[in-house]
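Participant: Quick one: the structure is below, questions incoming.
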Amino acid sequence: MEFLGIYYYWVFVVVLMIGFYAVVAKVNLIKKLIGLSIFQSAVFLLYITMSKVSGGTAPIFNDEITGLLYSNPLPQVLILTAIVVGISTTALGLGIVVRIKEEYGTTEENEIQEIDRR
Amino acid sequence: MTAPELHLPVLQVVVPMLIAPLIVLLRPQGLAWAATTAASLLSFAIAIQLTTGVLGGHTYQYALGGWEAPFGIALEVNSLSALLLLVLTGASTAALLAGKASLDRQIEAHRQPLFFSAWLLALAGLAGILVAADAFNIFVFMEISSLASYVLVAGGPDRRALPAVFKYLIMGTIGATFYLIGVGLIYMMTGTLSLADMEIRIHEVAEQRPILVAAGFITVGLALKAAVFPLHVWLPNAYTYAPHAVTVFLAACATKVSLFVLLKFDFVVFQHNLLGHDVQFAAFLMPLAVLAILVGSAVAMFESNVKRLFAYSSVAQIGYILLGASMVSYLGLSGGLLHIFNHALSKGTLFLAVMCLSMQYANLQLEHLAGAARRMPWTMAALVVGGLSLIGVPGTAGFVSKWYLLTAALEQGALGMFLIAVIVLGSLMAVVYIWRIIEAAWFTAPAEAPPGAQQMRTEAPTLMLVVTWLAALSNIWFGLVTHVPRELATTAAANLLRHLP
């Protein structure tokens with residue numbers, strides 16, 4: 001069945017949308033950041049998925065054994081970079097939330113807007 | 001070409017990036033600023049040297065570490081990147097030179113080294129986007145510059161900057177992640193990340209759905225980063241509550257660099273490979289551009305905070321740039337690219353003048369600026385010059401790009417008439433919102449002054465004023481001597497359109 005044959009892409013899309021929903025719908029800033037992390041993790045899944053080659057082995061080059069089928073290492077390298085970027089973003093976001101909590105005394109978006117309007 | 005000149009593309013990134021961590025160690029007062037300004041000036045000099053080379057018909061290719069393109073990281077500087085590098089490094093240098101007094105007041109002394117370090121990282125990241133020749137490095141540099149600019153925007157004393165920067169962070173990250181998804185899908189189909197290879201290989205798989213999805217993700221993601229209407233909601237607050245010098249820097253170039261990537265992807269990679277992409281591109285972005293011009297200008301007309309007024313005007317100006325691009329014609333694209341340069345000049349001048357005003361006026365609401373021209377005549381005169389250029393009065397830089405846009409619109413037949421009406425209406429609305437500032441500053445008596453009392457003249461610091469006036473005069477200079485930006489913009493437009501009939 002074609003639908004099941006590409007189920008890992010469905011996992012990617014579903015996780016992506018769960019994260020996106022949290023970013024858009026949650027009012028609490030920390031929950032928004034959690035959503036953002038889930039959103040980014042979904043993209044990591046996409047990259048990892050595409051690097052898999054059926055029957056492929058670890059891409060370690062060896063002079064003695066030839067004719068092996070290797071998995072594609074490049075997407076994994078790319079996604080290591082993207083994971084670092086994601087962690088930095090989350091860390092910075094949490095740092096900003098700490099500052100917001102210090103200044104406003106709350107981490108709820110609607111309450112912050114209420115305070116600013118006054 | 002001499003050996004050092006070959007390394008200029010990489011130096012453009014490496015110089016600010018390597019100096020950034022050193023800045024953190026410069027604790028004595030003022031030293032961090034001096035080192036940052038020196039690094040920024042050096043970047044500006046590199047950009048000028050690159051531009052000279054590009055104007056001489058040269059395109060810089062650079063293989064990092066001597067590893068050639070399919071395996072190594074390639075850098076490329078052509079006329080489009082040179083145009084934006086000039087804008088970027090020029091804006092950073094002007095903002096730093098002029099902003100010393102303002103930054104000293106807004107950033108505590110012990111946090112300054114960290115702040116300036118973030119400034120240089122933002123500069124390095126933005127420059128990196130402009131010189132990178134492969135899609136993934138563009139993403140990495142985009143994130144470096146974004147993370148650094150979140151820090152810059154949140155660095156000021158105004159606590160309202162914090163929720164603004166949080167929104168900026170969320171939307172910026174979503175934009176960048178969308179871009180990453182698009183790049184991933186293209187990599188899946190073509191097996192390459194280099195834009196040049198992508199351009200060739202995508203042709204074989206152009207009709208498959210992942211490529212179409214990728215085109216959508218990349219366009220929307222970058223439009224989010226470039227604050228294209230209606231994805232601009234992060235911009236006004238971020239610009240308004242950022243430290244004044246940061247607003248000068250970011251307003252002149254940050255969104256335009258994302259726009260640069262958008263144009264590069266849409267024109268170089270997708271345009272000639274996807275069937276009907278040019279029509280879809282125009283049909284999708286032209287209405288957004290028109291709405292950006294009309295809504296951005298209309299909101300600016302009723303806005304009472306000067307910084308926020310100019311921020312909404314920026315949303316409108318991004319609309320002009322996009323309008324030029326969405327005509328998908330030589331003249332239109334030239335006009336749009338030229339507007340990147342000219343808008344940076346005029347908006348840079350305006351925000352520099354606002355920074356001067358902020359030295360004397362803590363509150364930048366229009367009603368508090370009553371009679372400002374009597375107190376700060378030089379500042380307000382510079383603001384008027386910048387405003388005229390923003391409106392597009394003949395003899396200023398803004399006129400040249402608007403003229404290109406109008407000529408391009410004339411080629412479009414019946415639709416063109418509508419576009420001309422939009423451009424003219426947008427300019428008229430600019431007259432209104434600039435006039436509101438002029439009216440407040442010149443023709444309204446200051447409330448608190450006792451009648452008959454001699455108003456004190458208290459101008460901004462000399463260095464700040466000098467830089468502001470240099471920026472104001474460059475608006476007039478590039479309105480009269482249009483050769484350099486026009487040459488760069490038209491060559492870049494021809495280059496982007498090279499595959500279209």
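Participant: Please work out if B:Ile340 is closer than 30 Å to B:Lys100 by Cβ and in contact with a Lys or Arg (Cβ under 7 Å, 6 or more places away or on another chain). Explain how you work it out, then say what you get.
Facilitator: On the way: closer than 30 Å to B:Lys100 by Cβ: yes; in contact with a Lys or Arg (Cβ under 7 Å, 6 or more places away or on another chain): yes.
The answer is yes for B:Ile340.
Participant: Sticking with this one: Output the residues belonging to the range B:188-204 that are among the hydroxyl-bearing types (Ser, Thr, Tyr) and under 30 Å from the mean Cα position of the chain (by Cα).
Facilitator: B:Thr192, B:Ser194
Participant: Only one of these is facing another protein chain (nearest Cβ under 8 Å), more than 20 Å from B:Leu162 (Cβ to Cβ), of a type in the set (Phe, Trp, Tyr) and surrounded by 12 or more Cβ atoms within 10 Å (Cβ to Cβ): A:Tyr70, A:Tyr104, A:Tyr47. Name it.
Facilitator: The match here is A:Tyr47.
Participant: Pairs under 9 Å by beta carbon, first residue in contact (Cβ under 8 Å) with a residue 40 or more places away in the chain and in a loop (DSSP other than H, G, I, E, B) in the range B:199-220, partner of a type in the set (A, V, I, L, M) and surrounded by 14 or more Cβ atoms within 10 Å (Cβ to Cβ), six or more apart or different chains?
Facilitator: So the pair list comes out as B:Ala206/B:Leu212; B:Ala206/B:Leu274; B:Glu207/B:Leu274.
Participant: Shifting gears a bit: I'd like the residue in the range A:16-33 that is among the aliphatic types (A, V, I, L, M) and away from every other protein chain (no Cβ under 12 Å) and, out of all such residues, is surrounded by the fewest Cβ atoms within 10 Å (Cβ to Cβ). Give the derivation first.
Facilitator: Our first condition is that a residue be among the aliphatic types (A, V, I, L, M); within the range A:16-33, this holds for A:16-18, A:22-25, A:27, A:29-30, A:33.
After this cut, where a residue has to be away from every other protein chain (no Cβ under 12 Å) as well, the list is A:17-18, A:25, A:27.
Numbers: A:Met17: 13, A:Ile18: 13, A:Ala25: 10, A:Val27: 12.
Among those residues, the one meeting the criterion is A:Ala25.
Participant: Considering each residue of the range B:419-448, count those that are without any contact (Cβ under 8 Å) to a residue 24 or more places away in the chain and assigned to a helix (DSSP H, G or I), and give that number.
Facilitator: 7
Participant: Is it true that some residue in the range B:174-181 is away from every other protein chain (no Cβ under 11 Å) and in contact with a helix residue (DSSP H, G or I) (Cβ under 7 Å, 6 or more places away or on another chain)? Break it down into steps so the answer makes sense when it comes.
Facilitator: Narrowing the range B:174-181 to residues away from every other protein chain (no Cβ under 11 Å): B:175.
Keeping just the survivors that are in contact with a helix residue (DSSP H, G or I) (Cβ under 7 Å, 6 or more places away or on another chain) gives B:175.
The answer is yes; a qualifying residue exists.
Participant: Six or more apart or on different chains, Cβ under 7 Å: which pairs go from a residue in the range B:126-141 that's away from chain A (no Cβ under 13 Å) to one that's of a type in the set (Phe, Trp, Tyr)? Could you list them?
Facilitator: B:Gly128/B:Phe141; B:Ile129/B:Phe141; B:Leu130/B:Phe260; B:Ala132/B:Phe141
Participant: Can I ask one more? Which one of the conditions (1) surrounded by fewer than 24 Cβ atoms within 10 Å (Cβ to Cβ); (2) closer than 14 Å to B:Ala135 by Cβ; (3) modelled with pLDDT under 90; (4) more than 10 Å from chain A (Cβ to nearest Cβ) does B:Leu193 fail to meet, given that it meets all the rest?
Facilitator: (4)
Participant: Return the residue satisfying two criteria in turn: it lies in the range B:444-466 and is of a type in the set (A, V, I, L, M, F, W, C) and over 24 Å from B:Gln365 (Cα atoms), and of such residues it is modelled with the highest pLDDT.
Facilitator: B:Val466
To keep it simple, each residue is scored yes or no on (1) in contact with a Pro (Cβ under 7 Å, 6 or more places away or on another chain); (2) at positive phi; (3) surrounded by 24 or more Cβ atoms within 10 Å (Cβ to Cβ); (4) of a type in the set (A, V, I, L, M, F, W, C).
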| residue | (1), (2), (3), (4) |
| --- | --- |
| B:Val299 | no, no, no, yes |
| B:Glu303 | no, no, no, no |
| B:Gln317 | no, no, yes, no |
| B:Leu322 | no, no, yes, yes |
| B:Leu333 | no, no, yes, yes |
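Participant: Please pick out the residue among B:Pro236, B:Pro230 that is at negative phi and outside any helix (DSSP H, G or I).
Facilitator: Checking each option against the conditions leaves just B:Pro230.
Participant: Then there is this: Being more than 14 Å from chain A (Cβ to nearest Cβ) and either in contact (Cβ under 8 Å) with a residue 60 or more places away in the chain or surrounded by fewer than 24 Cβ atoms within 10 Å (Cβ to Cβ) (or both) narrows it down to one residue among B:Leu85, B:Leu114, B:Leu152; which is it?
Facilitator: Values: B:Leu114 fails: more than 14 Å from chain A (Cβ to nearest Cβ); B:Leu152 fails: more than 14 Å from chain A (Cβ to nearest Cβ).
From the options B:Leu85, B:Leu114, B:Leu152, the qualifying one is B:Leu85.
Table: residues versus (1) surrounded by 13 or more Cβ atoms within 10 Å (Cβ to Cβ); (2) over 30 Å from B:Pro163 (Cα atoms); (3) at pLDDT 85 or above.
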position: A:Gly56; (1), (2), (3): yes, yes, no
position: A:Asp63; (1), (2), (3): no, yes, no
position: A:Pro75; (1), (2), (3): yes, yes, yes
position: A:Leu78; (1), (2), (3): yes, yes, yes
position: A:Gly95; (1), (2), (3): yes, no, yes
position: A:Arg99; (1), (2), (3): yes, no, yes
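Participant: Please state which one of B:Ala34, B:Ala45 is under 23 Å from the mean Cα position of the chain (by Cα) and part of a helix (DSSP H, G or I).
Facilitator: Being under 23 Å from the mean Cα position of the chain (by Cα) and part of a helix (DSSP H, G or I) holds for just one of B:Ala34, B:Ala45, which is B:Ala45.
Participant: Starting from residues that are surrounded by fewer than 23 Cβ atoms within 10 Å (Cβ to Cβ) and of a type in the set (Val, Ile, Thr), keep the ones in the range B:220-235 and report whichever is nearest to the chain's Cα centre (by Cα).
Facilitator: B:Val233
Participant: Would you pick out the residues in the range B:196-219 that are aliphatic (A, V, I, L, M) and surrounded by fewer than 20 Cβ atoms within 10 Å (Cβ to Cβ)?
Facilitator: B:Ala196, B:Ile200, B:Val205, B:Ala206, B:Leu212, B:Val213
Participant: Going by what's in this entry, would B:Leu162 be described as touching a helix residue (DSSP H, G or I) at 6+ places or on another chain (Cβ under 6 Å) and more than 12 Å from chain A (Cβ to nearest Cβ)?
Facilitator: So B:Leu162 fails the test.
Participant: Looking at the range B:219-233, is at least one residue within 14 Å of chain A (Cβ to nearest Cβ) and within 22 Å of A:Ile48 (Cα to Cα)?
Facilitator: Yes - at least one qualifying residue is present in the range B:219-233.
Participant: Could you please find all residues in the range B:247-272 being more than 12 Å from the chain's Cα centre (by Cα) and not charged (D, E, K, R)?
Facilitator: Within the range B:247-272, the first condition is being more than 12 Å from the chain's Cα centre (by Cα), and the residues that meet it are B:261-272.
Matches in the range B:247-272: B:Val261, B:Leu262, B:Leu263, B:Phe265, B:Phe267, B:Val268, B:Val269, B:Phe270, B:Gln271, B:His272.
Participant: Something else: Filter the range B:1-36 for residues that are in contact with a helix residue (DSSP H, G or I) (Cβ under 9 Å, 6 or more places away or on another chain), of a type in the set (S, T, N, Q) and surrounded by fewer than 19 Cβ atoms within 10 Å (Cβ to Cβ) and give the result.
Facilitator: Residue satisfying the conditions is B:Gln29 alone.
The values are calculated or read from the model by the stated rules, or taken from the named source; none is laboratory data. Quick caveat, the model's predicted, so the values are computed rather than measured. Note: ideal-geometry Cβ built from the backbone for every residue, glycine included; neighbour counts use all protein chains shown.
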